[in-house]
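Taking it in order: structure first as structure tokens, then the write-up.
The values are calculated or read from the model by the stated rules, or taken from the named source; none is laboratory data. Computed from a prediction, not measured in an experiment: that's the story for all the values here. In this analysis, Cβ positions are derived from the backbone assuming ideal geometry, glycine residues included, and neighbour counts consider all displayed protein chains.
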Amino acid sequence: MRLQSISSLSILSAIVSLAVSAAPFEFNVAARNADLGKRTFSNARLTWYDPSVGITACGGTFSNNDHVVALNSQQFGSGFPGPNCGKNIRITVGGKSATAQVVDNCPGCPFAGLDLTEGLFSVFADLSVGVLTGSWDFI
């Protein structure tokens, strides 16, 4: 019994000394958030809307010819202005790409979904198509 206690104590002592000598763990929140910003959102539902009907959720006014988007509510965030207001994105559909700026919230869009202005949607397809599937990322 005494041999078992000494053996257990030796193992415990070795574990403690390893834990104390290990380098401290650091979690870099800024680096983690930067990595999230580089993520590509695939299979995104893209629709079009008219931003000229009033002031956007980010506080500006825009026309149908501007390359701006309304971002789904989950990614838009809370507060005024939303944390993604003014951020630029790259949208890709069927080999065509365009850049746009987040200026509005799209409460009816699913996660990763975007509402594009008519002018921006027209870069990818005729408005009569109505809904596209593409990808996008923050740039």
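If I ask for residues that are in a strand (DSSP E or B) and among the hydrophobic types (A, V, I, L, M, F, W, C), which ones from the range 65-88 would you list?
Restricting attention to the range 65-88, the residues satisfying the condition of being in a strand (DSSP E or B) are 68-72, 88.
Answer for the range 65-88, where residues must be in a strand (DSSP E or B) and among the hydrophobic types (A, V, I, L, M, F, W, C): V68, V69, A70, L71.
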From the option list G79, G86, single residue qualifying as more than 13 Å from the chain's Cα centre (by Cα) and modelled with pLDDT under 95 is G79
Could you please find all residues in the range 72-97 being buried (at least 19 other Cβ atoms within 10 Å of the Cβ), within 24 Å of D126 (Cβ to Cβ) and in contact with a helix residue (DSSP H, G or I) (Cβ under 7 Å, 6 or more places away or on another chain)? V93
Please identify the pairs in which a residue from the range 75-99 that is acidic (D, E) has its Cβ atom under 7 Å from the Cβ atom of a residue that is in a strand (DSSP E or B), counting only partners at least 6 apart or on another chain. none
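Does F62 satisfy the condition of being modelled with pLDDT under 95, out of contact with any Lys or Arg (no Cβ under 6 Å at 6 or more places or on another chain) and not in a strand (DSSP E or B)?
Values: modelled with pLDDT under 95: no; out of contact with any Lys or Arg (no Cβ under 6 Å at 6 or more places or on another chain): yes; not in a strand (DSSP E or B): yes.
Against the criterion (modelled with pLDDT under 95, out of contact with any Lys or Arg (no Cβ under 6 Å at 6 or more places or on another chain) and not in a strand (DSSP E or B)), F62 does not qualify.
Any residue in the range 107-115 that is among the small types (G, A, S), surrounded by 16 or more Cβ atoms within 10 Å (Cβ to Cβ) and in a strand (DSSP E or B)? Don't jump to the end; show me each part of the working.
Keep residues of the range 107-115 that are among the small types (G, A, S), which gives 108, 112-113.
Right, trim to surrounded by 16 or more Cβ atoms within 10 Å (Cβ to Cβ) and you get 112-113.
Narrowing further to those that are in a strand (DSSP E or B): none.
No: the range 107-115 contains no residue that is among the small types (G, A, S), surrounded by 16 or more Cβ atoms within 10 Å (Cβ to Cβ) and in a strand (DSSP E or B).
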So which pairs qualify, if the first residue must be in the range 50-67 and in contact (Cβ under 8 Å) with a residue 24 or more places away in the chain, the second must be of a type in the set (S, T, N, Q) and surrounded by fewer than 16 Cβ atoms within 10 Å (Cβ to Cβ), the Cβ gap must be under 7 Å, and the two must be at least 6 apart or on different chains? F62/S52; S63/S52; N64/S52; H67/T99
Restricting to the range 106-134, name every residue that is in contact (Cβ under 8 Å) with a residue 60 or more places away in the chain and of a type in the set (S, T, N, Q). T117, T133
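Within the range 89-106, work out how many residues are part of a strand (DSSP E or B) and under 15 Å from S135 (Cβ atoms). Even if it seems obvious, please write down each step before you answer.
Going residue by residue through the range 89-106, those that are part of a strand (DSSP E or B) are 89-93, 96-106.
Among the residues that remain, those that are also under 15 Å from S135 (Cβ atoms) are: 89-93, 96-100.
Within the range 89-106, residues that are part of a strand (DSSP E or B) and under 15 Å from S135 (Cβ atoms) number 10.
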